[in-house]
Amino acid sequence: MKRFACFVFLVGCWSVNASAYSVGFDQVQLYTDNNRPLKASVWYPSQTTFPTEKVAENAAFLGTNVVRVGTPQAGKFPLVVISHGYRGNWRNQNWLATKLAQDGYVVASLDHPGTTSFDHSAQAAAQWWQRAGDLSRLLDWLLNESYLLPNIDANNVTAIGHSLGGWTVMLLAGAQFDRDQLKQECSLKASSRVCGLRAELGLEQVQVGEPTGSLQDTRIKRVVSLDLGLARSFSRQSLQRFTIPTLILAADVDIGDLPQAEESGFLAQYIPKNHRQYIVYPDAAHFSFMQLCKPGAIELIEEEEPGDGIVCQDGHDRSRDELHQVMYQDIVRFIHAS
């Protein structure tokens, strides 16, 4: 699905805050040390309140109102970095980023080369470790180089990831990839949405330049996984050694071959209970963590790419908007408590 820039993969209501901040929004081009291009988006509390414009909106999905390059609000704010899912992009969690900025957070996301809607490079996708490096490079810019540096509390950094993005932030928290374990797990249960992507994501055999050991970024103080996939590729030993606070949010409506009990549940089974929280939403599906869909979006998306309308399908008890409200409460409560 090209035009709507989504992806198909694993990959109580919030109260209206009368003093909510206006949301400033900016996009910058970054490069890693090996010249990997990173398009980053930033949301932040803004002194400027107008003019506003819509971002992340198209014929299928709702966007949010922001002030383009508004003047940052004075003060120090917690920082959140967000990683999108397989063949997703920064727009997918724009709803979450905007709400966090309204409530006093600086938020940043980026498009991961090779695994974004706009770049399907097989070579880049196979360098699985680069996703974690992308977020570390984003933190380098935010905490050392950006104009937002005076407005960021460097001691209060959260990493949030959806689907393959959840896998990415878990690497940054200290989870370690175990190729042999994944091979064994896939021989026992060969999930097409997980095991079927091993070759494409460079997980089947050792890649040129592949690092060994931990990719943990100690600047990150807590992580939030939004219905991740590939959890069984993390060594059990590395999860058992976890000390970083971890919030595991899972969707219980199976979109087919991605049961949360074998993904989010795997994390919950091995991360020590005193360092993790595990919440399952019985009426949420994998893509419920994405932006809101407009009426008729499923038909519109199916017309362009049959099968991709699944990104707008949720459970039956609550709307996606209602689910977002509960998810947001759980995320902010966790950040405040940890």
Query raised in the report: Where residues in segment 255-271 are more than 18 Å from SER192 (Cα to Cα) and in contact with a helix residue (DSSP H, G or I) (Cβ under 7 Å, 6 or more places away or on another chain), which of them is surrounded by the most Cβ atoms within 10 Å (Cβ to Cβ)?
Result: ILE271
Query raised in the report: Looking at segment 69-95, which of its residues are of a type in the set (D, E, K, R) and either crowded, with 24+ Cβ neighbours inside 10 Å or within 17 Å of ASP153 (Cβ to Cβ) (or both)?
Result: LYS76, ARG91
Requested in this report: Looking only at segment 275-282, decide whether some residue is farther than 16 Å from ALA250 by Cβ and part of a helix (DSSP H, G or I).
Outcome: yes
Query raised in the report: Given the conditions (1) over 18 Å from the mean Cα position of the chain (by Cα); (2) at pLDDT below 95; (3) not aromatic (Phe, Trp, Tyr), and given that VAL194 satisfies all but one, which numbered condition is not satisfied?
Result: (1)
Query raised in the report: Got a number for residues in segment 44-91 being of a type in the set (A, V, I, L, M), on the phi < 0 side of the Ramachandran plot and assigned to a loop (DSSP other than H, G, I, E, B)?
Result: 4
**Report entry** Count of segment 302-338 residues which are assigned to a helix (DSSP H, G or I) and under 22 Å from the mean Cα position of the chain (by Cα)
**Finding:** 23
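Which one of SER192, SER238, SER187 is hydroxyl-bearing (Ser, Thr, Tyr), out of contact with any strand residue (DSSP E or B) (no Cβ under 6 Å at 6 or more places or on another chain) and outside any helix (DSSP H, G or I)?
SER192
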Requested in this report: Could you tell me which numbered condition THR212 fails, if it satisfies all but one of (1) at pLDDT 95 or above; (2) hydroxyl-bearing (Ser, Thr, Tyr); (3) part of a loop (DSSP other than H, G, I, E, B)?
Outcome: (1)
Report task. Kindly indicate whether GLY309 is crowded, with 20+ Cβ neighbours inside 10 Å and not hydrophobic (A, V, I, L, M, F, W, C). Result -> yes
Query raised in the report: Do we have ASP140 as surrounded by fewer than 23 Cβ atoms within 10 Å (Cβ to Cβ), modelled with pLDDT of 95 or more, among the charged types (D, E, K, R) and out of contact with any strand residue (DSSP E or B) (no Cβ under 7 Å at 6 or more places or on another chain) here?
Result: yes
Query raised in the report: Residues in segment 166-202 that are crowded, with 16+ Cβ neighbours inside 10 Å and of a type in the set (Ser, Thr, Tyr): how many?
Result: 2
Query - Number of positions in segment 152-165 that are of a type in the set (Val, Ile, Thr) and surrounded by fewer than 24 Cβ atoms within 10 Å (Cβ to Cβ) - result: 2
**Report entry** Exclusive hit being of a type outside the set (Ser, Thr, Tyr), under 24 Å from ASP217 (Cα atoms) and surrounded by fewer than 22 Cβ atoms within 10 Å (Cβ to Cβ), set ASP26, ASP119, ASP103, ASP33
**Finding:** ASP33
Query raised in the report: Among the residues of segment 197-229 satisfying the criterion of being of a type in the set (Asp, Glu) and closer than 21 Å to ILE248 by Cβ, which is farthest from the chain's Cα centre (by Cα)?
Result: ASP217
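The values are calculated or read from the model by the stated rules, or taken from the named source; none is laboratory data. Just so it is clear, the model here is predicted, and its values are computed rather than measured. All Cβ positions, glycine included, derive from the backbone under ideal geometry; neighbour counts span all protein chains shown.
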